[in-house]
Amino acid sequence: MAKKRFMTLPRHILEGEKLHPEATGELSAILLQLSLAAKVISLEVNKAGLVDILGFTGESNKSGDEVKKLDIFAHETLLKAMDHGGHFCVMASEEDEDIIHLPPHQKIGKYVLLFDPLDGSSNIDANVSIGTIFSIYKRVTPGDGPGTLEDCLQPGYKQEVAGYILYGSSTVFVYTAGHGVYGFTLDPAFGEFLLSHDDIKIPKRGRIYSVNEGNYYSWPKGLKDYIKYLQANKFNGKPYQARYIGSMVADVHRTLLYGGIFMYPGDTRNEKGKLRLVYECNPMAFIVEAAGGRATDGKKRILEKVPESLHERIPIFIGSEEDVLLVEKFLADAEGH
Ligand code: AHG
Ligand code: MN
Ligand code: MN
């Protein structure tokens, strides 16, 4: 927990920047702007039960999911907060089928912003935790014109910064630039994020598994074997505990702090699972790896997969290193290698 009192997110970012004399300050400006968007979204999420923003818009997003108004609010808030700073050449969001260009006459920057504006949105009406996920890359296309799809389809290990905001019992902003993962809790009284989770390290092994067990009968045999193994055996005197919120941000946040494993596997109905590589799995994998954990599709590192399309899905096994290695072993054994 925080040793220094009153370490605000802006102060932390600026002090971090001073340690890197080569830094231009652009990433700091981006993070500060993202934290502003986070505060606006957090306020709206907290009001969700009170205002007429609940309910369906009646539209579906790219992936066919129901879109609620708060998804759109979060999407538009992020665009408004991020598209005028001159930092980005292109953006992409879960809520837009295509890449998003900067408004005309805006300065084009060298970074790329990818985000899931509101994750776990089916939970909104039940006051269950939801989140925002973001991922930042440097552009790879030459020149200083608008960015392209190619800039958005980079393998995750190339991320410059990744983070999430969890709107839970409190609002927490977690980010990494690849070294060190830091968490800040929003003080609602004076509207500032304060360092609450300094240099987060995920335990090497946990005692919690997190997966939608309703899909059990569609799972690969190795995963069924693995879960039965966790249930049938004792580890330090107890079997593993099951926890599944159904909001990836919340499930991964718990996994980061307590250890264990979060999974969204492929199954016989959805070979690639449900979660999206570009703006869900890659940022979470970057954060969990930076905290000393592991994230794979059951065989290969998530961060090395070269995305083929913006909204593609990938199976994910993410969390404590030893837990992820063990499920990989069960999956491989069941496949006969
Ligand atoms: P989103 O709300 O952005 O579409 O994402 C929902 C995701 C994710 O948050 C969660 O891990 C997963 O859906 C839960 O899916 P199931 O209901 O199939 O378990
Ligand atoms: Mn999502
Ligand atoms: Mn979403």
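The values are calculated or read from the model by the stated rules, or taken from the named source; none is laboratory data. Keep in mind it's a predicted model, so treat the numbers as computed, not measured. No Cβ is skipped: glycine too gets one built from the backbone with ideal geometry, and neighbour counts run over all protein chains shown. Each accessible area value is taken on the protein alone, full model and side chains, heavy atoms only, with ligands, DNA and RNA left out. Shrake-Rupley method; radii C 1.70, N 1.55, O 1.52, S 1.80 Å.
Structural remarks
- Count of residues meeting criterion [open to solvent by less than 40 Å² (accessible area, probe 1.4 Å) and either within 16 Å of ligand 3 (Cβ to nearest atom) or at pLDDT below 95 (or both)] in the stretch 234-245: 1
- Restricting attention to the stretch 246-255, the residues that are part of a loop (DSSP other than H, G, I, E, B) and open to solvent by 10 Å² or more (accessible area, probe 1.4 Å) total 1.
- Residue within the stretch 301-318 that is at pLDDT 95 or above, hydroxyl-bearing (S, T, Y) and either surrounded by 15 or more Cβ atoms within 10 Å (Cβ to Cβ) or touching a Gly at 6+ places or on another chain (Cβ under 6 Å) (or both) present: no
- Considering the conditions (1) surrounded by 12 or more Cβ atoms within 10 Å (Cβ to Cβ); (2) at pLDDT below 90; (3) under 18 Å from L166 (Cα atoms), I41 is excluded by exactly one of them, (2).
- Sub-6 Å Cβ pairs linking a first residue in the stretch 201-230 that is free of Cβ contacts under 8 Å to residues at least 40 places away in the same chain to a second residue that is open to solvent by less than 30 Å² (accessible area, probe 1.4 Å), at least 6 apart or interchain, are L230/Y209; L230/Y240, ordered by first then second residue.
- Spans of strands (runs of 3 or more DSSP E) in the stretch 155-225 with at least 2 residues of a type in the set (G, A, S): 161-167
- Subset of the stretch 121-160 [within 16 Å of ligand 1 (Cβ to nearest atom) and at pLDDT below 95]: S121, S122, N123, I124, D125, A126, N127, V128
- Selection of the stretch 78-125 for residues being part of a helix (DSSP H, G or I) and either open to solvent by 50 Å² or more (accessible area, probe 1.4 Å) or within 16 Å of ligand 2 (Cβ to nearest atom) (or both) yields L78, K80, S121, S122, N123, I124, D125.
- Scanning the stretch 149-167 for residues that are open to solvent by 20 Å² or more (accessible area, probe 1.4 Å), touching a Pro at 6+ places or on another chain (Cβ under 8 Å) and among the aromatic types (F, W, Y) gives no hits.
- Within the stretch 256-274, the set of residues being surrounded by 24 or more Cβ atoms within 10 Å (Cβ to Cβ) and within 16 Å of ligand 2 (Cβ to nearest atom) comprises F262, M263, Y264.
- Filter result (under 20 Å from I287 (Cα atoms) and not in a strand (DSSP E or B)) within the stretch 313-326: I314, P315, S320, E321, E322, D323, V324, L325
- Restricting the stretch 275-299 to residues that are away from ligand 1 (no atom under 14 Å from the Cβ), charged (D, E, K, R) and outside any strand (DSSP E or B), the residue that is surrounded by the fewest Cβ atoms within 10 Å (Cβ to Cβ): K299
- Among all residues of the stretch 277-293, there is at least one that is charged (D, E, K, R), within 16 Å of ligand 2 (Cβ to nearest atom) and at pLDDT 95 or above.
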